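For reference, the structure is listed below as structure tokens.
Read the figures in this text as sums done on the coordinates, not as results from a lab. What you see is a predicted model, and the numbers here were worked out from it, not measured in a lab. Cβ sites come from the backbone with ideal geometry, for glycine too, and all protein chains shown count toward neighbours.
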Amino acid sequence: MAITAKFFASLRESLQLDECSVDLSKAHTVADVWRLATNGKPMPPNTLIAVNMEYTDRKYAVKEGDEVAFFPPVSGG
Amino acid sequence: MKIELYGNPFNPWEELNRYQNEHSLQGRVGAACVFVGTMRDFNQGDKVSAMHLEHYPEMTAGYMQKIASEARQRWEVEDLLMLHRYGDIQPSDTIVLLAAWSAHRQAAFDACRYLIEELKTRAPFWKKETLLANNSTRWVQGTAKS
């Protein structure tokens with residue numbers, strides 16, 4: 001039972017981590033996924049979060065198979 | 001409606017012409033509003049020689065669709081075109097082409113403006129620019145909104 005965590009752009013570079021798997025039995029919320037994936041590093045305050053490609057927040061309750069993405073504010077266009 | 005992500009350079013005017021010719025918009029529309037975003041060779045007081053545009057492919061495509069759907073719900077637009085680059089970009093390359101066609105100008109202006117403003121704050125793209133002076137790279141600060 002796993003959750004996939006993904007990291008993009010400057011966040012991926014600063015964490016030196018682009019993707020990892022997190023054990024669902026230890027993660028109830030997005031905040032837990034971050035803590036387990038980063039070994040407890042503090043989440044930068046402007047971090048955006050998406051679960052299954054929809055914006056959400058760190059309190060979101062994760063479930064099996066979820067893809068949780070963490071990234072800095074976007075700069076397209 | 002066409003929404004697409006391009007990994008290679010494209011000519012926005014040729015794309016616009018081709019789309020208009022293929023979609024027989026003439027007669028139905030009284031206004032076309034077009035936005036073309038282009039890469040500058042300067043930013044924040046520095047000369048910029050190149051840029052890499054990273055994206056989150058599935059989510060980016062999904063959000064472009066979502067933003068287009070929202071525009072169609074808010075305004076009476078006849079058609080929309082959204083093309084956006086990703087990957088390695090050079091100064092003067094087109095980054096984004098947006099077009100909104102409508103019977104009247106107000107809806108075309110409003111919808112086109114909505115597309116670019118929402119793209120810039122919700123579609124997951126990130127720009128990393130290379131500075132001409134010393135070839136160093138830096139991430140362009142984004143705007144937060146979700």
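Residues A:Tyr60, B:Tyr63, A:Tyr55, arranged from fewest to most other Cβ atoms within 10 angstrom of their Cβ, appear as A:Tyr55, A:Tyr60, B:Tyr63. Distance between the 7 Å Cα→Cβ label points at B:Arg113 and A:Ala61: 4.2 nm. Listed by chain and number, the lysines whose alpha-carbon sits under 22 Å from that of A:Lys63, ignoring those within fewer than 8 places in the same chain, are A:Lys6, A:Lys26. Placing unit charges on the Cβ atoms only, positive for Lys and Arg and negative for Asp and Glu, gives chain A a dipole magnitude near 260 debye about its Cα centre.
In straight-distance terms, cross-link reach from B:Lys127 covers every one of the aspartates and glutamates whose alpha-carbon lies under 13 Å from its own, apart from those fewer than eight places away in the same chain; here that gives B:Glu54, B:Asp88. Here is the list for chain A: GluC sites (Glu not before Pro) lying in DSSP coil, each with at most 14 other C-beta atoms within 10 angstrom of its C-beta, are A:Glu64.
The simple Förster model, with R0 at 45 Å and r as the Cβ-Cβ distance, assigns A:Ser14 and B:Arg28 a FRET efficiency of 0.35.
Taking other C-beta atoms within 10 angstrom as a stand-in for reagent exposure, B:Val29, B:Val96 fall in the order B:Val29, B:Val96, fewest first.
Residues of region B:94-117 with an amide N closer than 19 Å to a point placed 7 Å from the Cα of B:Asn11 along the Cα-to-Cβ direction: B:94-99. Going by neighbour counts of Cβ atoms within 10 Å, the residues A:Ile3, B:Ile116 line up, fewest first, as B:Ile116, A:Ile3. Each Cα pair under 8 Å and six or more residues apart adds its sequence gap; the mean of these over the residue count of chain B is a relative contact order of 34 percent. In this structure the amide hydrogen of B:Asn43, modeled in the peptide plane, comes within under 5 Å of the amide hydrogens of B:Val48, none closer than 5 places in sequence on its chain. Across region A:2-71, C-alpha contacts under 8 Å between residues 6 or more apart give a mean separation that, scaled by the residue count, equals a relative contact order of 44 percent.
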